[in-house]
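The values are calculated or read from the model by the stated rules, or taken from the named source; none is laboratory data. Please read all numbers here as calculations on a predicted model, not as lab measurements. Methodologically, a virtual Cβ is constructed for each residue, glycine included, from the backbone with ideal geometry; neighbour enumeration extends over all protein chains shown. Note: accessible area is taken over every heavy atom of the protein model, side chains too, but ligands, DNA and RNA are not part of it. Shrake-Rupley method; radii C 1.70, N 1.55, O 1.52, S 1.80 Å.
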Amino acid sequence: MKKLNIGIVGYKFMGRAHSNAWKKAPQFFDMPATPVLKAACGRHEGSLKEFAEKWGWEETETDWKKLVSRPDIDIIDIALPQQLHYEVALAAAKEGKHIFCEKPLSMNSKQAEEMLKACEDNNVKHYLNHNYRRTPAVSFAKKMIEDGKIGRIFHWRCAYQQDWIIDPNFPLTWQLQKEYAQAGPQWDLNSHAVDLAHYLVGDIASVSSLTTNFIKSRPIVEGGGTTGNLTAGEVGTEMGEVTVEDAALMMVMFKNGAIGSFEATRFAAGRKNRLTFEIYGSKGSLCFDLERMNELQYFSREDESGQQGFRTILATEAAHPYAGNWWPAGHIIGYEHSFVHAVVDFVAAIENDTAIKPDFSDGLKIIQVLEAGLESAASKRQVDL
(Lines give C-alpha, C1' and ligand atoms only; values in the text may rest on other atoms or scores of the structure.)
Protein backbone atom coordinates (compact mmCIF):
# COMPACT_ATOMS: atom_id res chain seq x y z
CA MET A 1 0.00 0.00 0.00
CA LYS A 2 1.16 3.51 -0.76
CA LYS A 3 2.62 5.45 2.17
CA LEU A 4 2.33 9.13 3.01
CA ASN A 5 5.10 10.58 5.15
CA ILE A 6 3.97 13.05 7.81
CA GLY A 7 6.03 15.88 9.24
CA ILE A 8 4.46 17.46 12.33
CA VAL A 9 5.37 20.90 13.66
CA GLY A 10 4.42 21.23 17.32
CA TYR A 11 4.35 18.55 20.00
CA LYS A 12 2.26 19.75 22.95
CA PHE A 13 -1.51 19.26 23.40
CA MET A 14 -2.42 19.23 19.72
CA GLY A 15 0.75 17.39 18.76
CA ARG A 16 -0.35 14.53 20.97
CA ALA A 17 -3.93 14.57 19.64
CA HIS A 18 -2.73 14.56 16.04
CA SER A 19 -0.10 11.88 16.62
CA ASN A 20 -2.69 9.59 18.15
CA ALA A 21 -4.95 10.15 15.13
CA TRP A 22 -2.26 9.34 12.55
CA LYS A 23 -1.42 6.13 14.42
CA LYS A 24 -4.99 4.96 15.05
CA ALA A 25 -6.59 5.75 11.69
CA PRO A 26 -5.24 2.78 9.66
CA GLN A 27 -5.95 0.40 12.54
CA PHE A 28 -9.71 1.05 12.42
CA PHE A 29 -10.39 2.29 8.89
CA ASP A 30 -9.58 0.96 5.41
CA MET A 31 -7.46 3.73 3.94
CA PRO A 32 -6.05 4.17 0.42
CA ALA A 33 -2.63 5.04 1.85
CA THR A 34 -0.85 4.47 5.14
CA PRO A 35 0.28 7.48 7.17
CA VAL A 36 3.92 7.24 8.31
CA LEU A 37 5.01 9.27 11.33
CA LYS A 38 8.22 10.41 9.69
CA ALA A 39 9.49 13.48 11.54
CA ALA A 40 8.49 15.64 14.49
CA CYS A 41 9.66 19.23 14.80
CA GLY A 42 9.94 21.52 17.80
CA ARG A 43 12.24 24.04 19.46
CA HIS A 44 13.46 22.08 22.47
CA GLU A 45 15.45 19.05 21.45
CA GLY A 46 15.23 17.14 24.73
CA SER A 47 11.45 17.22 25.17
CA LEU A 48 10.99 16.81 21.42
CA LYS A 49 12.93 13.53 21.40
CA GLU A 50 10.93 12.30 24.37
CA PHE A 51 7.72 13.10 22.49
CA ALA A 52 8.95 11.40 19.30
CA GLU A 53 9.93 8.23 21.13
CA LYS A 54 6.63 8.05 22.98
CA TRP A 55 4.45 8.53 19.90
CA GLY A 56 6.55 6.67 17.35
CA TRP A 57 7.95 9.46 15.18
CA GLU A 58 10.98 8.14 13.30
CA GLU A 59 13.06 11.33 13.39
CA THR A 60 13.23 14.77 15.00
CA GLU A 61 14.03 18.20 13.59
CA THR A 62 14.42 21.55 15.38
CA ASP A 63 14.21 23.73 12.24
CA TRP A 64 10.75 23.71 10.68
CA LYS A 65 12.10 25.26 7.47
CA LYS A 66 14.28 22.20 6.94
CA LEU A 67 11.32 19.94 7.64
CA VAL A 68 9.00 21.53 5.07
CA SER A 69 11.70 21.45 2.38
CA ARG A 70 12.46 17.74 2.78
CA PRO A 71 11.59 15.84 -0.41
CA ASP A 72 10.52 12.75 1.54
CA ILE A 73 7.74 14.59 3.43
CA ASP A 74 4.27 14.51 1.82
CA ILE A 75 2.15 16.18 4.51
CA ILE A 76 2.91 18.99 6.94
CA ASP A 77 0.81 18.82 10.10
CA ILE A 78 0.67 22.24 11.78
CA ALA A 79 -0.06 21.61 15.46
CA LEU A 80 1.09 25.05 16.64
CA PRO A 81 -0.55 28.07 18.30
CA GLN A 82 -2.32 30.26 15.75
CA GLN A 83 0.29 33.02 15.58
CA LEU A 84 2.68 30.50 13.99
CA HIS A 85 0.36 29.01 11.36
CA TYR A 86 0.85 31.61 8.65
CA GLU A 87 4.57 31.33 7.99
CA VAL A 88 4.69 27.54 8.19
CA ALA A 89 1.65 27.10 5.93
CA LEU A 90 3.01 29.45 3.26
CA ALA A 91 6.34 27.66 3.17
CA ALA A 92 4.74 24.21 3.13
CA ALA A 93 2.40 25.12 0.28
CA LYS A 94 5.27 26.53 -1.80
CA GLU A 95 7.11 23.24 -1.28
CA GLY A 96 4.08 21.35 -2.59
CA LYS A 97 3.19 19.75 0.74
CA HIS A 98 -0.38 18.94 1.65
CA ILE A 99 -1.38 20.74 4.87
CA PHE A 100 -3.29 19.53 7.91
CA CYS A 101 -3.67 22.63 10.11
CA GLU A 102 -5.05 23.27 13.58
CA LYS A 103 -7.66 25.98 14.19
CA PRO A 104 -8.12 28.91 14.24
CA LEU A 105 -6.57 29.30 10.81
CA SER A 106 -4.67 32.56 11.27
CA MET A 107 -4.33 35.85 13.12
CA ASN A 108 -6.40 37.83 10.60
CA SER A 109 -8.22 37.55 7.28
CA LYS A 110 -5.29 38.96 5.29
CA GLN A 111 -3.11 36.07 6.45
CA ALA A 112 -5.94 33.63 5.73
CA GLU A 113 -6.30 34.95 2.17
CA GLU A 114 -2.57 34.55 1.52
CA MET A 115 -2.55 31.03 2.98
CA LEU A 116 -5.50 30.00 0.81
CA LYS A 117 -3.95 31.50 -2.32
CA ALA A 118 -0.61 29.75 -1.69
CA CYS A 119 -2.39 26.40 -1.40
CA GLU A 120 -4.46 26.96 -4.52
CA ASP A 121 -1.49 28.21 -6.55
CA ASN A 122 0.51 25.12 -5.63
CA ASN A 123 -2.37 22.64 -5.96
CA VAL A 124 -2.04 21.16 -2.49
CA LYS A 125 -4.79 19.82 -0.25
CA HIS A 126 -5.48 22.09 2.71
CA TYR A 127 -7.52 21.02 5.72
CA LEU A 128 -8.46 23.10 8.76
CA ASN A 129 -9.07 20.91 11.79
CA HIS A 130 -12.45 21.91 13.15
CA ASN A 131 -12.76 18.37 14.41
CA TYR A 132 -16.20 18.67 16.02
CA ARG A 133 -17.79 18.38 12.58
CA ARG A 134 -16.58 14.81 12.58
CA THR A 135 -18.22 13.53 15.73
CA PRO A 136 -20.83 10.99 14.56
CA ALA A 137 -23.70 12.86 16.23
CA VAL A 138 -22.86 16.18 14.52
CA SER A 139 -22.27 14.52 11.15
CA PHE A 140 -25.60 12.75 11.53
CA ALA A 141 -27.29 16.04 12.41
CA LYS A 142 -26.01 17.38 9.08
CA LYS A 143 -27.55 14.42 7.26
CA MET A 144 -30.88 14.90 9.04
CA ILE A 145 -30.94 18.57 8.06
CA GLU A 146 -30.13 17.70 4.44
CA ASP A 147 -32.88 15.07 4.51
CA GLY A 148 -35.40 17.74 5.57
CA LYS A 149 -36.06 16.31 9.02
CA ILE A 150 -36.33 19.71 10.70
CA GLY A 151 -37.51 21.71 7.68
CA ARG A 152 -36.68 25.37 7.24
CA ILE A 153 -34.25 26.54 9.93
CA PHE A 154 -35.33 29.54 12.00
CA HIS A 155 -32.95 29.61 14.98
CA TRP A 156 -29.36 28.72 15.83
CA ARG A 157 -28.28 28.98 19.46
CA CYS A 158 -24.74 28.07 20.48
CA ALA A 159 -22.56 28.37 23.58
CA TYR A 160 -18.92 27.38 24.10
CA GLN A 161 -18.08 27.57 27.79
CA GLN A 162 -14.92 26.91 29.83
CA ASP A 163 -13.81 27.98 33.30
CA TRP A 164 -10.00 27.68 33.43
CA ILE A 165 -9.15 31.37 34.07
CA ILE A 166 -11.71 32.35 36.72
CA ASP A 167 -9.01 32.48 39.42
CA PRO A 168 -7.54 36.04 39.35
CA ASN A 169 -4.17 34.53 40.27
CA PHE A 170 -4.11 32.46 37.10
CA PRO A 171 -1.08 33.76 35.19
CA LEU A 172 -0.82 35.80 32.00
CA THR A 173 -0.32 32.99 29.50
CA TRP A 174 -0.02 33.52 25.74
CA GLN A 175 -3.74 32.86 25.28
CA LEU A 176 -4.44 36.11 27.16
CA GLN A 177 -2.19 38.31 25.03
CA LYS A 178 -3.37 39.80 21.75
CA GLU A 179 0.06 39.65 20.10
CA TYR A 180 0.05 35.85 20.42
CA ALA A 181 -3.64 34.92 20.41
CA GLN A 182 -5.26 37.78 18.42
CA ALA A 183 -8.35 37.54 20.66
CA GLY A 184 -9.74 35.48 23.53
CA PRO A 185 -12.70 33.09 23.36
CA GLN A 186 -14.04 35.01 20.36
CA TRP A 187 -11.09 33.58 18.40
CA ASP A 188 -10.32 30.31 20.14
CA LEU A 189 -13.80 29.07 21.00
CA ASN A 190 -16.13 30.89 18.61
CA SER A 191 -14.02 29.71 15.68
CA HIS A 192 -15.35 26.21 16.39
CA ALA A 193 -18.88 27.51 16.94
CA VAL A 194 -18.94 29.55 13.72
CA ASP A 195 -17.63 26.59 11.76
CA LEU A 196 -20.48 24.43 13.05
CA ALA A 197 -22.98 27.17 12.20
CA HIS A 198 -21.64 27.41 8.65
CA TYR A 199 -21.71 23.62 8.35
CA LEU A 200 -25.21 23.08 9.71
CA VAL A 201 -27.12 26.30 8.97
CA GLY A 202 -25.30 28.37 6.32
CA ASP A 203 -23.23 31.48 5.77
CA ILE A 204 -23.56 34.46 8.09
CA ALA A 205 -24.65 37.84 6.66
CA SER A 206 -24.30 40.23 9.61
CA VAL A 207 -22.99 40.33 13.17
CA SER A 208 -23.84 42.31 16.30
CA SER A 209 -21.49 41.65 19.19
CA LEU A 210 -20.25 42.65 22.61
CA THR A 211 -17.17 41.59 24.57
CA THR A 212 -15.95 42.20 28.09
CA ASN A 213 -13.06 41.68 30.50
CA PHE A 214 -13.67 40.50 34.03
CA ILE A 215 -10.00 40.47 35.11
CA LYS A 216 -7.79 43.09 33.47
CA SER A 217 -4.34 42.13 34.81
CA ARG A 218 -2.65 38.89 35.85
CA PRO A 219 0.69 37.67 37.22
CA ILE A 220 3.39 37.45 34.56
CA VAL A 221 4.82 34.02 33.85
CA GLU A 222 8.60 33.88 33.65
CA GLY A 223 9.60 32.56 30.23
CA GLY A 224 6.10 32.63 28.74
CA GLY A 225 4.24 29.50 29.76
CA THR A 226 0.99 27.99 28.56
CA THR A 227 -2.04 26.28 30.03
CA GLY A 228 -1.62 22.98 31.75
CA ASN A 229 2.12 22.96 32.44
CA LEU A 230 2.74 25.81 34.87
CA THR A 231 4.45 25.46 38.23
CA ALA A 232 4.32 27.87 41.16
CA GLY A 233 7.94 28.80 40.59
CA GLU A 234 7.19 30.10 37.11
CA VAL A 235 4.65 32.69 38.28
CA GLY A 236 6.19 35.99 39.33
CA THR A 237 4.82 38.90 41.37
CA GLU A 238 4.87 41.37 38.49
CA MET A 239 1.48 41.97 36.88
CA GLY A 240 0.71 42.27 33.16
CA GLU A 241 -2.28 43.50 31.20
CA VAL A 242 -4.80 41.06 29.73
CA THR A 243 -5.18 42.29 26.15
CA VAL A 244 -7.93 39.97 24.90
CA GLU A 245 -11.57 39.64 25.90
CA ASP A 246 -12.70 37.19 28.59
CA ALA A 247 -16.14 36.62 27.09
CA ALA A 248 -17.94 37.37 23.84
CA LEU A 249 -21.56 37.37 22.71
CA MET A 250 -22.65 37.52 19.08
CA MET A 251 -26.05 37.81 17.45
CA VAL A 252 -26.10 37.02 13.74
CA MET A 253 -28.34 37.00 10.72
CA PHE A 254 -27.75 34.13 8.30
CA LYS A 255 -27.98 34.64 4.56
CA ASN A 256 -30.88 32.17 4.42
CA GLY A 257 -32.94 34.27 6.86
CA ALA A 258 -32.28 32.30 10.05
CA ILE A 259 -31.06 34.15 13.12
CA GLY A 260 -28.51 32.95 15.65
CA SER A 261 -26.61 33.61 18.85
CA PHE A 262 -23.15 32.66 20.09
CA GLU A 263 -21.71 32.78 23.61
CA ALA A 264 -18.02 32.15 24.21
CA THR A 265 -16.51 32.40 27.67
CA ARG A 266 -13.75 31.10 29.92
CA PHE A 267 -15.65 32.21 33.04
CA ALA A 268 -18.46 29.62 33.21
CA ALA A 269 -17.80 27.88 36.53
CA GLY A 270 -18.08 24.12 36.24
CA ARG A 271 -17.94 24.09 32.45
CA LYS A 272 -14.63 22.54 31.43
CA ASN A 273 -15.15 22.31 27.67
CA ARG A 274 -18.88 22.54 27.01
CA LEU A 275 -20.01 23.22 23.45
CA THR A 276 -23.75 23.15 22.87
CA PHE A 277 -25.96 24.05 19.95
CA GLU A 278 -29.71 24.10 19.37
CA ILE A 279 -31.30 24.31 15.93
CA TYR A 280 -35.03 25.02 15.60
CA GLY A 281 -36.88 24.54 12.33
CA SER A 282 -40.34 24.38 10.83
CA LYS A 283 -40.57 20.59 11.22
CA GLY A 284 -38.49 19.96 14.31
CA SER A 285 -35.38 20.62 16.33
CA LEU A 286 -31.87 19.24 16.94
CA CYS A 287 -29.71 19.77 20.04
CA PHE A 288 -26.14 18.69 20.82
CA ASP A 289 -23.87 18.91 23.87
CA LEU A 290 -20.17 18.05 23.52
CA GLU A 291 -20.13 16.84 27.13
CA ARG A 292 -22.53 14.13 25.93
CA MET A 293 -20.95 13.87 22.49
CA ASN A 294 -22.42 10.49 21.51
CA GLU A 295 -25.97 11.82 21.84
CA LEU A 296 -28.17 13.92 19.58
CA GLN A 297 -31.53 15.26 20.74
CA TYR A 298 -34.26 15.30 18.09
CA PHE A 299 -37.82 16.65 18.20
CA SER A 300 -40.26 16.11 15.35
CA ARG A 301 -43.44 18.14 14.91
CA GLU A 302 -44.66 15.35 12.62
CA ASP A 303 -45.01 12.85 15.47
CA GLU A 304 -48.59 12.15 16.52
CA SER A 305 -50.26 14.52 18.94
CA GLY A 306 -49.76 13.34 22.49
CA GLN A 307 -46.56 11.48 21.55
CA GLN A 308 -44.34 14.40 20.73
CA GLY A 309 -41.18 15.07 22.72
CA PHE A 310 -37.41 15.18 22.40
CA ARG A 311 -35.86 11.79 21.78
CA THR A 312 -32.22 10.80 22.31
CA ILE A 313 -30.39 9.34 19.36
CA LEU A 314 -27.32 7.43 20.55
CA ALA A 315 -25.01 7.92 17.57
CA THR A 316 -23.03 4.70 17.91
CA GLU A 317 -24.59 2.52 15.20
CA ALA A 318 -23.30 1.68 11.75
CA ALA A 319 -25.98 4.01 10.32
CA HIS A 320 -24.16 6.94 11.94
CA PRO A 321 -21.10 8.44 10.18
CA TYR A 322 -17.78 6.86 11.23
CA ALA A 323 -19.34 4.94 14.15
CA GLY A 324 -19.42 1.56 12.42
CA ASN A 325 -15.63 1.46 12.29
CA TRP A 326 -15.27 1.45 16.06
CA TRP A 327 -17.24 -0.68 18.52
CA PRO A 328 -20.62 -2.42 18.70
CA ALA A 329 -23.68 -0.18 19.04
CA GLY A 330 -23.93 1.53 22.41
CA HIS A 331 -20.17 1.52 23.01
CA ILE A 332 -19.32 5.20 23.07
CA ILE A 333 -16.33 6.98 21.59
CA GLY A 334 -14.53 10.15 22.75
CA TYR A 335 -12.91 13.45 21.85
CA GLU A 336 -9.81 11.91 20.27
CA HIS A 337 -11.84 9.92 17.75
CA SER A 338 -12.91 13.05 15.86
CA PHE A 339 -9.22 13.63 15.01
CA VAL A 340 -8.98 10.10 13.65
CA HIS A 341 -11.98 10.75 11.41
CA ALA A 342 -10.31 13.92 10.12
CA VAL A 343 -7.13 12.00 9.25
CA VAL A 344 -9.12 9.33 7.42
CA ASP A 345 -10.97 11.90 5.31
CA PHE A 346 -7.81 13.92 4.65
CA VAL A 347 -5.85 10.95 3.35
CA ALA A 348 -8.82 9.93 1.16
CA ALA A 349 -8.97 13.45 -0.28
CA ILE A 350 -5.29 13.32 -1.20
CA GLU A 351 -5.42 9.89 -2.78
CA ASN A 352 -8.75 10.39 -4.58
CA ASP A 353 -8.09 14.05 -5.45
CA THR A 354 -11.36 15.15 -3.87
CA ALA A 355 -12.31 18.07 -1.63
CA ILE A 356 -11.80 18.03 2.13
CA LYS A 357 -13.87 20.26 4.37
CA PRO A 358 -13.41 22.53 6.18
CA ASP A 359 -10.51 23.88 4.15
CA PHE A 360 -8.69 27.22 4.17
CA SER A 361 -11.52 28.88 2.25
CA ASP A 362 -13.84 27.91 5.11
CA GLY A 363 -11.20 29.13 7.56
CA LEU A 364 -11.15 32.51 5.83
CA LYS A 365 -14.94 32.83 6.14
CA ILE A 366 -14.73 31.98 9.83
CA ILE A 367 -12.00 34.58 10.45
CA GLN A 368 -14.09 37.21 8.64
CA VAL A 369 -17.03 36.52 10.97
CA LEU A 370 -14.80 36.66 14.05
CA GLU A 371 -13.24 39.94 12.90
CA ALA A 372 -16.70 41.36 12.26
CA GLY A 373 -17.67 40.39 15.80
CA LEU A 374 -14.69 42.23 17.28
CA GLU A 375 -15.38 45.25 15.05
CA SER A 376 -19.02 45.26 16.11
CA ALA A 377 -18.10 45.14 19.79
CA ALA A 378 -15.63 48.00 19.38
CA SER A 379 -17.97 50.20 17.33
CA LYS A 380 -21.18 49.18 19.10
CA ARG A 381 -22.98 48.67 15.79
CA GLN A 382 -24.00 45.88 13.43
CA VAL A 383 -21.36 44.81 10.92
CA ASP A 384 -22.37 43.34 7.56
CA LEU A 385 -20.24 40.71 5.87
- Task: Just check segment 122-182 against the gyration tensor rule for me: Cα atoms, a ≥ b ≥ c as the square roots of the eigenvalues, rounded for a/c under 1.5, and otherwise prolate or oblate depending on whether a/b exceeds b/c.
- Result: oblate
- If amide H atoms are built 1.01 Å from N in the plane of the peptide, which residues on other chains or at least 5 residues away come under 5 Å of the amide H of Lys103? Asn129
- Task: About the Cα centre of the chain, how large is the charge dipole given +1 on each Lys and Arg Cβ and -1 on each Asp and Glu Cβ? Please answer in debye to the nearest 20.
- Result: 460
- Query: Taking K and R as +1 and D and E as -1, what net charge do the other residues with C-beta under 13 Å from the C-beta of Asn256 add up to?
  - Reply: +1
- Rounded to one decimal in nm, the spacing of the 7 Å Cα→Cβ label points at Arg157 and Glu304 is 3.0
- Where the accessible area of segment 257-300 is counted over protein heavy atoms with a 1.4 Å probe, how much of it, in %, is carbon and sulfur? 47
- Query: If Lys and Arg each add +1 and Asp and Glu each add -1, what is the summed charge of the other residues whose beta carbon sits under 9 Å from the beta carbon of His126?
  - Reply: -1
- Note on the structure: By the Cα gyration tensor axes a ≥ b ≥ c (a/c under 1.5 gives rounded; else a/b larger than b/c gives prolate, otherwise oblate), the shape of segment 42-192 is oblate
- Query: Once you treat every alpha carbon in segment 1-63 as an equal point and sum by Debye, what is log10 I(q)/I(0) at q = 0.23, 0.24, 0.27 Å⁻¹?
  - Reply: -0.89, -0.95, -1.13
- Query: Where Rh is the Kirkwood radius over the Cα pairs of the chain, the temperature 4 °C and the viscosity 1.567 mPa s, what D in µm²/s does Stokes-Einstein return?
  - Reply: 59
- Item | Amide hydrogen neighbours beyond the local backbone of Thr34, cut-off 5 Å, H modeled | Lys2, Lys3, Leu4
- Using a 1.4 angstrom probe on the protein heavy atoms only, line up Asp345, Asp353 by accessible area, largest first. Asp353, Asp345
- Task: Could you state the accessible area per residue of the chain in Å², with a 1.4 Å probe and every protein chain left in place?
- Result: 44
- First check a/c for segment 322-369, with a ≥ b ≥ c the square roots of the eigenvalues of its C-alpha gyration tensor; if it is under 1.5, answer rounded, and if not, answer prolate when a/b is larger than b/c or oblate otherwise. oblate
- Message: How charged is the neighbourhood of Pro104? Take every other residue with its Cβ under 13 Å from the Cβ of Pro104, and add Lys/Arg as +1 and Asp/Glu as -1.
- Response: -3
- Of the heavy-atom accessible surface of segment 57-206 (probe 1.4 angstrom), what whole percent is carbon and sulfur? 45
- In whole percent, the fraction of accessible protein surface over segment 311-352 that belongs to carbon or sulfur atoms, probe radius 1.4 Å, stands at 55
- According to a simple spin-label model (label point 7 Å from Cα along Cα-to-Cβ), what is the distance in nm between Lys272 and Asp147? 3.3
